[in-house]
Amino acid sequence: MRAVVIARAGGPEVLEERDVGEGLPPPGEGEVLVGVSAAGVNRADTVQRQGRYPAPPGASPYPGLECSGTILALGPNVPSRWAVGDQIHGGSSGIGTFAIQIAKHLGIKVFVTAGSEEKLAACKGLGADVCINYKTEDFVARVKEETNGKVTLDMEVYLPGVDVILDNIGGLYLQRNLNSLAVDGRLFIIGFQGGAVTEVNLQPMLARRLTIQAAGLRNRSLDNKALIVSEVEKNVWPAVVQGKVKPVIYKTFPLSEAAEAHKLMEESSHIGKILLIP
């Protein structure tokens, strides 16, 4: 069995493709063994490679959060719905491209920010309604303009705004995100590309009853992860089956070029998913 191994904490060059064992590991209680067809590369993998996001106790030490492939073997007490030969899905489109499509499928008006006209055009092609270049525009002012609100010169914010923000920047955008939300708006943080520490004026939260929530998957229990999968299968997967939401694949790399895949991820020039192919 081959895997990408983090030889030591550091840059992409520390990633090595290695033979990590003879034969295939037997699946445990409630587990299935999957022959991987493609594995997704995520920012969490790059942070783990740097030594700042260790795998939880008992988990595989190898980077990687998602894959697609075919079931090769079943462990004890696996639900009867699964069988050898079934395909398991994952490693599909990036969070942003997926979020645009599922939101449009649900009839939601979608605002996006990106740093290049190429990325904005791609988002528009996926259905985004308002596309904002954060390098050339003040996205708070643009949000207020598009939602019939306004912002004064001293950044005092008046209604309305957007109802939900999905954010992977963190500290750098926290104040501006709060300023962009409508009454009862929700800020959902899924990453800290712009840092985890900042100073913020909390007054908008009280004035407009705002909610900040963050989420990650790695440290959740297996039962909680199973619940999330069940909810995704019920509420999201039908749109994928119907072709309403499609994977956006930017580039694929062989396993031996995992370092190049990580470099591309960290450049942030991609649009969609980066995949490793065994």
Restricting attention to strands (runs of 3 or more DSSP E) lying wholly within region 160-226, give those where 1 or more residues are of a type in the set (Lys, Arg).
181-189
If you take the residues of region 195-210 that are open to solvent by 60 Å² or more (accessible area, probe 1.4 Å) and either of a type outside the set (Val, Ile, Thr) or in the same structural domain as ALA59 (by the TED database) (or both), which of them is nearest to ASP184 (Cα to Cα)?
ARG209
Just to be sure I understand the filter: pairs with C-beta atoms under 8 Å, separated by 6 or more residues or on different chains, first member in region 40-51 and under 14 Å from ALA259 (Cβ atoms), second member among the small types (Gly, Ala, Ser) and assigned to a helix (DSSP H, G or I). Which pairs pass?
VAL41/ALA258; VAL41/ALA261
Which residues, counting only those in region 8-52, are open to solvent by 40 Å² or more (accessible area, probe 1.4 Å), in a loop (DSSP other than H, G, I, E, B) and not charged (D, E, K, R)?
ALA9, VAL20, GLY23, LEU24, PRO25, PRO26, GLY30, GLN50, GLY51
Single residue of region 234-255 satisfying the filter (open to solvent by less than 80 Å² (accessible area, probe 1.4 Å) and in a helix (DSSP H, G or I)) that is nearest to GLY69 (Cα to Cα)
LEU255
Taking region 9-67, which residues are under 24 Å from SER268 (Cβ atoms) and among the basic types (Lys, Arg)?
ARG43, ARG49, ARG52
Of the residues PRO56, PRO79, which single one is touching a residue at least 40 places away in the same chain (Cβ under 8 Å), in a loop (DSSP other than H, G, I, E, B) and out of contact with any His (no Cβ under 6 Å at 6 or more places or on another chain)?
PRO56
Note down all Cβ pairs under 8 Å where the first residue falls in region 14-35 and is among the acidic types (Asp, Glu), the second is open to solvent by 60 Å² or more (accessible area, probe 1.4 Å) and in a strand (DSSP E or B), and they're at least six residues apart or on different chains.
GLU17/ARG2; ASP19/ARG2
With respect to the numbered conditions (1) at positive phi; (2) open to solvent by 50 Å² or more (accessible area, probe 1.4 Å); (3) touching a helix residue (DSSP H, G or I) at 6+ places or on another chain (Cβ under 9 Å), which one is the sole condition not fulfilled by GLY107?
(3)
Restricting to region 217-231, what's the tally of residues that are within 15 Å of ILE190 (Cβ to Cβ) and open to solvent by 60 Å² or more (accessible area, probe 1.4 Å)?
3
Filter result (at positive phi and under 17 Å from the mean Cα position of the chain (by Cα)) within region 209-254:
none
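The values are calculated or read from the model by the stated rules, or taken from the named source; none is laboratory data. Everything numeric here is computed off the predicted structure, so don't read it as measured data. FYI the Cβ positions are ideal-geometry reconstructions off the backbone, even for glycines, and counts take in every protein chain you see. Side chains included, ligands, DNA and RNA excluded: accessible areas come from the protein's heavy atoms. Shrake-Rupley method; radii C 1.70, N 1.55, O 1.52, S 1.80 Å.
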